[in-house]
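Colleague: Have a look at the structure that comes next, please.
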Amino acid sequence: MPENKKSMTVHRFLTLLLAYLMFCVAGGVVVSGFLLPGVYGANAAAKHLLPSLSVDNVDFNVNDLPQQSRLYASDGHTVIATFYAQNRIVVPLKDVSNTMQKAVVAREDRRFFEHSGVDMQGVLRAFIQTYVKQGDTQGGSSLTQQYVKNVLMTQAEQNDDPIAEYHAREETIARKMREMLIAVQMEKQYSKAEILQGYLNIAQFGVKTYGVETAARRYFNKSAKDLDAGEAATIAAVTKNPAKFDPTVDVKASQEQRDIVLDLMEQQGYISAKQRDEAKAKPLDQMLHVQEVYAGCQTAGDAAFFCDYVTKQILNSKEFGKTPEARNRLLKEGGLDIYTTLDVNANNAAMNAARATIPVDDPSGFEVALAAIRPGTGEVLGFGLNRTYDATEKSGGTRTAINYAVDEVDGGGQGFMTGSTWKPINIVSWMQAGKSVNQPLVTSTHYPLSSFNCKDSSGQQHDFGGGYWDVTNSGGGNVSPETPLQSIVRSHNTTQGAIAQQISLCSIADTAKDMGYHNSAANEMDLKSSQYFHPPFTIGAAMASPLTMANVYATIAANGVECSPIAIKKVTDKRNKQIQVPSANCHQAIDPKIAQTAAYVINQGVSTPGGEAATTQLDGGRKTFAKTGTHEDKYMLTGGFVPQVASFVAVGNAEHQESFNGKTINGVSRGAWYGMYIATPAWKQFMNDYLKAANIPADNDYGKPDDKYLGKVQNTQQQQQQQRAPIAQQPRPAVTQPAQPAEAQPAQEADDEE
């Protein structure tokens, strides 16, 4: 326990006093001759204290302090958020006004430039005042000693060492002597300028305000290099009692202390009497230009969900430390400059589109989640959610820190059923098998499960048992024969079963993975080892995040180049050293000719009269590549791209499956809802607004089909008429279909609008 100084015996008082003097002399301090005999005579009395003193493993690098980290948008200068354990911005001494430097010296240690680490006169004055006169307790610590104490406390906190932190704060002889010893040694190693720089950067200048630069910005909205006498005196006065003299806490007390410092500065010749009087004449409350102290994603506004995604990327990535705890410490203390991929225009457009589609406070409660990515780079451009970011304990309802646009491991949820937006993956896999998109297929509403048995690329056998998969198109029935291309234009389900029979579910799952697909749930991200690996996943009975699906579409948009989504482009630490960041690992995932042909097929669903995705057509005649989707009556979706940006929108209850039918959403009531009613308008609004805001030109040359994969066009007018009419379902053998997971049950699984 800390000792009570006032209860010390005279003997202990003299011992401590003489020990102080001994260390002062040992450090080279020139003291009056009449004191020297007493000092040397006290050597034996103080010697027993020395063995416990150590300065090993104490890092006094004046630049090695916990500093705030800053998150920037892709423009490199828009600050999204700051993170800190101690709100500090370290600056060199040259960036602190001379007046500010002198104010601190005047307040804390007027003989700072004369002593060698310990102020002899200050020690004597403090002891006489405290123990002889029995007055208020005074420390007598030099500015160098105060710097030592701050460093020891900071280092203990960084090392999560409560015992060391206690010893750095305790009011004992041993602690005081250790500080003195280290202070003397520091003065031999560092210049006065370096020590003053260290102190100015480490000292606490208010509530949650560390370092002079942070204080200058906090109280006066300016840099420390621009502080005048009155401002400097205000900041210098705070350190005596940061909680009490913080001008945002008690402006009257702060002004009184400011005036004391101004008097001290005038007495020591740092300012003139006229400067002192002029500075005193200014009421402090009229001088202040207080800036609120914000920290973390809670303060990032519309960029909060993106900010949260970035922090999860840091905490989950080994590049930033061996453990999550080390990564979190680096984020909050490492003084990082984190340059992200956030496109302010894209993120604003996404948030606006989500909230316009279903307002945050809409009684329906359905979530809108949108993700956008730049093809060929993996760069995540932004997110849109009709939710208010809130990571506090007060969150709930429409206030949440869950980003439904990303995977569970990245702070998201379980994902959304993808519906017919999955079907382009089937088309790519079909072409990878060497087949053409115009090959007619005999389709059915009744597929034997055993016909989908397959062996994957690793050699593992997947069997789906007996029974049948019953599947129809929207409204029932089937069209046969039908080509894969026509099945995209009309968004038919039954043809997907025929495709999977011919090329296998394993091949489609492998293609999906190559294109960047995985499930959203953290414990079953691999499609082939999840509950969703059964025939209905070919029509979207699998749960994925909007970001994952946007990335799948981005692979098609980038000539078949797949990249892992990234949110961080560059990170530098407080020493301006660059830290390695997670790579997008961009690579050629599918043949460019297949990507171009797949884009052509997707566009046909938009540009063909009566195509199911015709409602996605973007403004200005821009060539549009998009696919709509509806999973039963639970989820509505739209995904698509232009060559410069890919995006995906999912709408539904992200916590549990809930029917849209009969609901009133954003003031509109419908008996049945489809993706084109909600998800498509959100997707179009985002794409149109962002493309316009970013001034992105149209690229209407993309999506040129390759003859090999296009094949012979079968679409005669007669065949088109035939394929639009449902045909009788084929007879069904009397075999009972086994029970499947709820997500895979219904016959009209994930069918699109008609």
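Colleague: Arrange H289, H656 by Cβ neighbour counts within 10 Å, fewest through most, would you?
Modeller: Details: H289 12, H656 8.
By the 10 Å Cβ count, ascending: H656, H289.
Colleague: Now for a separate question. May I ask for the distance between the Cα centers of segment 661-684 and segment 555-578, given as a whole number of Å?
Modeller: Centre-to-centre distance over Cα atoms comes out at 36 Å.
Colleague: Residue by residue through segment 441-447, which ³J(HN,Hα) values in whole Hz follow from phi under the Karplus form 6.51 cos²θ - 1.76 cosθ + 1.60 (θ = phi - 60°), with glycine and proline marked x?
Modeller: Each residue's phi maps through the Karplus curve to give 10, 7, 10, 8, 9, 8, 9 Hz.
Colleague: Okay, moving on. Counting only residues 5 or more places away or on other chains, whose amide H sits under 5 Å from the amide H of A81 once H atoms are built in the peptide plane?
Modeller: Correct list: L71.
Colleague: Here's a follow-up. Could you order peptides 282-288, 183-189 by the average number of other Cβ atoms within 10 Å of their residues, highest first?
Modeller: 183-189, 282-288
Colleague: Using the Karplus equation 6.51 cos²θ - 1.76 cosθ + 1.60 (θ = phi - 60°), what ³J(HN,Hα) coupling, rounded to whole Hz, does each residue of segment 488-495 give in order, writing x for Gly and Pro?
Modeller: 3J(HN,Hα) across segment 488-495, in whole Hz: 7, 4, 9, 6, 7, 8, 4, 5.
Colleague: Longer than 26 Å from Cα to Cα, which of K569/K684; K423/K692; K435/K513; K312/K574; K176/K332; K634/K704 are they? Say none if no pair is.
Modeller: Distance filter (> 26 Å) returns K569/K684; K423/K692; K176/K332; K634/K704.
Colleague: Further, regarding this structure: Just order 588-600, 696-708, 341-353 by mean Cβ neighbour count inside 10 Å, highest at the front, would you?
Modeller: Highest-to-lowest ranking by the protection proxy: 341-353, 588-600, 696-708.
Colleague: In whole angstrom, note down how far apart the Cα centers of segment 580-642 and segment 429-443 are.
Modeller: Each part reduced to its Cα centre gives a spacing of 19 Å.
Colleague: On to the next question. In segment 285-438, if the dipole is taken from +1 on Lys/Arg beta carbons and -1 on Asp/Glu beta carbons about the Cα centre, which of I358, G384, S436 is farthest to the positive end?
Modeller: Checking the options against the dipole of segment 285-438, the answer is S436.
Colleague: Rounded, prolate or oblate: which fits segment 600-719, taking a ≥ b ≥ c as square roots of the Cα gyration tensor eigenvalues, rounded meaning a/c under 1.5, else prolate when a/b beats b/c?
Modeller: oblate
Colleague: Next question. Which order, highest average first, do 271-279, 374-382, 526-534 follow once you tally other Cβ atoms within 10 Å for each residue and take the mean per peptide?
Modeller: Most protected by this proxy first, the peptides run 374-382, 526-534, 271-279.
Colleague: Another question, if that's okay. Using θ = phi - 60° and the Karplus curve 6.51 cos²θ - 1.76 cosθ + 1.60, what whole-Hz ³J(HN,Hα) does each residue of segment 533-550 get, with Gly and Pro shown as x?
Modeller: For segment 533-550, the Karplus curve yields 7, 7, x, x, 5, 5, 10, x, 8, 8, 9, 9, 7, x, 5, 4, 5, 4 Hz.
Colleague: If you don't mind, another one. Out of residues 5 or more away from S474 or on other chains, whose amide H comes under 5 Å of its own, with H placed 1.01 Å from N in the peptide plane?
Modeller: N493, D752
Only the coordinates and a few stated rules stand behind these numbers; no lab work does. Note that the structure is a prediction, hence the values are computed from the model and not measured. Note that each Cβ is placed from the backbone with ideal geometry, even for glycine, and that neighbours are counted across all protein chains shown.
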